[in-house]
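Inspection log for the structure reproduced underneath, given as structure tokens.
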Amino acid sequence: MRFYSQSFLYDDPWSIVSYAFFMRYPNPLASHILSCDVISRIVNPSGTLSTTRLILKTGALPRWAPRGIVSRAESWVIEESEVDPTGRVVRCTTRNLDHVKVLHVEERIVFQGTDDGKTFQNTEAFFVSNFGWGLTKKIETHGLARFKANIQRSRQGFSMILDLIRQSRMRPMALGTSHSYTPSQYIPSSSDSRPSSEQSEVRTQESNAIGSWLSLKSWRRLP
């Protein structure tokens, strides 16, 4: 078995980070995610929200992998999460449903709101192979290495979603309608009494927002 652990502190409040977590797919930096569907969502008697999602991922096998080690490059992953709004905690566990003999990967993530308005994330991942044939350790090590290599890219994609949410809070719009949303540019009226420097800053923010939204929109429209 191989084990991985990492912690990270977001400057954003828990409500924003937890929302971004459930909105992280699709994003241009997660092209390996083919689909993500909610198959169950219930409010528990305790007031927590439990969600189960089915995710289809794709990936490439290493060159040294024996021919036919898996029947296809795609893998189904189940994600089970629980949101505790009172305690400001999100707990999530993901694990692959197929190819488990070759490599079983289980990831556990916890988002915890802090007293100073930030969000602490702790990630743990376990890699277990029962393939045998002298390849067990090699497969586990490869899975761990791939996971580490993808962490930074995943965080960049997550940060992109966080940026979009921050921008959406500045104007009356819904993130879920980004495919049809066209941001309106700021046009100062004759009654605008703000200093020119402030007007310039607002226009810069609007321009950056447009670029981010159009980038995501163009990616979502790809076949």
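A few remarks follow.
- Solvent-free Debye scattering, log10 I(q)/I(0), computed from the Cα coordinates of the range 83-151 at q = 0.17 Å⁻¹: -0.69
- Chymotrypsin sites (Phe, Trp or Tyr not before Pro) lying in DSSP loop within the range 83-171, provided at most 14 other Cβ fall within 10 Å: TRP133
- Loop trypsin sites (Lys or Arg not before Pro), the range 14-96, which have at most 12 other Cβ atoms in a 10 Å radius of their Cβ (DSSP): ARG63, ARG67, ARG72
- From phi via Karplus (6.51, -1.76, 1.60), per-residue ³J(HN,Hα) for the range 117-125 in Hz, x at Gly/Pro: x, 10, 10, 9, 10, 10, 10, 10, 9
- The share of alpha-carbon pairs in the range 5-117 lying farther apart than 18 Å comes to 59%.
- The range 14-87: chymotrypsin sites (Phe, Trp or Tyr not before Pro) falling in loop per DSSP and having at most 11 other Cβ within 10 Å: TRP64
Rule-based calculations on the coordinates, nothing more; no lab input. A quick note: this is a predicted structure, and the numbers were derived from the prediction, not measured. As a convention, Cβ positions derive from the backbone with ideal geometry for all residues, glycine included, and neighbour counts pool all protein chains shown.
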